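**Student:** Below is a structure I'd like to ask you about.
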Amino acid sequence: MRLLLLHGPAVFKSREKLSDLKKGFDPNNIIVFENPTDGQVIESMSSIPLIFENRLYIFENPSEDLSLSVLPQTDDLTTVFWFDNQVDDKKKIIKFVKDNKGQIISFSAAKEITAFPFIDALGEKDKKAFVELQKLKDATYDTQYIITMVFYLLRSLSVDNKKSPPFVQKKIAKQRQNFTDLPSLYKFVLETDYKIKSGLLDTEQAEFNLVNAFVR
């Protein structure tokens, strides 16, 4: 079994790594668990059939104190533990991955730091988001990266992350009050992304529409 742990504050970069990994698998053989409990991870890993097609299991933000006693002895399985924060080297899951000869990749926040003002402006329905958008474009961020950031914001607004620092949780809770219909907003972003990739919508117009949908 191939074992990886991806962590660090540069969530967009680590998401790109996940996307690259997924390209090597049939979509039907990719299983993603979001915020799983220790019991869910253990049960999932212990119930994997020994004979199966090449599979990818992704556990997003499991417990940092997770430690499995037995690993499936199958060569056609890749297991990824993904975190949207930096995991301390003393945590059990780091030791577990190291002891089982897994790969640990840390993603620094060098690029994402400049993206947070844009995300915050969107969440606060502040029109300065247009200014922050231009800064990102001037720094050669492409449209797909911008859309990735928008999806990250929507995810944060939709699902509480108890592992975030208290001040971040407080900020997100306040921003959440600015939006009454997150599902419709999420659908709009998905449709915009599709139109861009299909050549049905100019990228500059799409970027304007995305920001406008949040700040209007």
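Nothing in this text is a laboratory measurement; each read-out follows from the coordinates by a stated rule. Just so you know, these numbers come straight off a predicted model, no measurement behind them. Neighbour counts run over all protein chains shown; Cβ positions are idealised from the backbone, glycine included.
**Student:** In cubic angstrom, how much convex hull volume per residue do the alpha carbon atoms of the range 112-215 span?
**Tutor:** In the range 112-215, the Cα hull volume divided by residue count equals 93 Å³.
**Student:** From Cα coordinates alone, what are the radius of gyration and Dmax values for the range 2-106 in angstrom?
**Tutor:** Just the Cα atoms of the range 2-106 yield Rg and Dmax of 12.9, 36 Å.
**Student:** In nm, give the distance between the simple-model label positions of residue 145 and residue 32, each being 7 Å from the Cα along the Cα-to-Cβ direction.
**Tutor:** Taking the two extended label points, one gets 2.1 nm.
**Student:** Further question: Looking at this model, which pairs from 23/95; 98/171; 163/187; 90/125; 98/163; 125/187 are more than 30 angstrom apart at the alpha-carbon?
**Tutor:** Result: 98/171; 90/125 exceed 30 Å.
**Student:** Over the alpha carbons of the range 157-216, what is the largest minus smallest coordinate on each principal axis, giving the biggest first in Å?
**Tutor:** Taking max minus min along each principal axis of the Cα atoms, the range 157-216 gives 41, 23, 18 Å.
**Student:** Determine the alpha carbon to alpha carbon distance for each of 137/195; 17/101; 13/174 and list only those over 25 Å.
**Tutor:** Those over the limit are 13/174.
**Student:** Sorting check: for 125-132, 76-83, 97-104, which peptide has the highest mean count of neighbouring beta carbons within 10 Å, and how do the rest follow?
**Tutor:** Going from most to least packed, we get 76-83, 125-132, 97-104.
**Student:** Continuing with this model, one more query. With no solvent and one equal point scatterer placed on each C-alpha of the chain, evaluate the Debye formula and give log10 I(q)/I(0) for q = 0.13, 0.15 Å⁻¹, two decimals.
**Tutor:** Evaluating at q = 0.13, 0.15 Å⁻¹ gives log10 I(q)/I(0) of -0.84, -1.05.
**Student:** Using 0.36 nm per residue, how much length does the chain from residue 131 to residue 203 gain when fully extended, once their Cα-Cα distance is taken away?
**Tutor:** 24.3 nm
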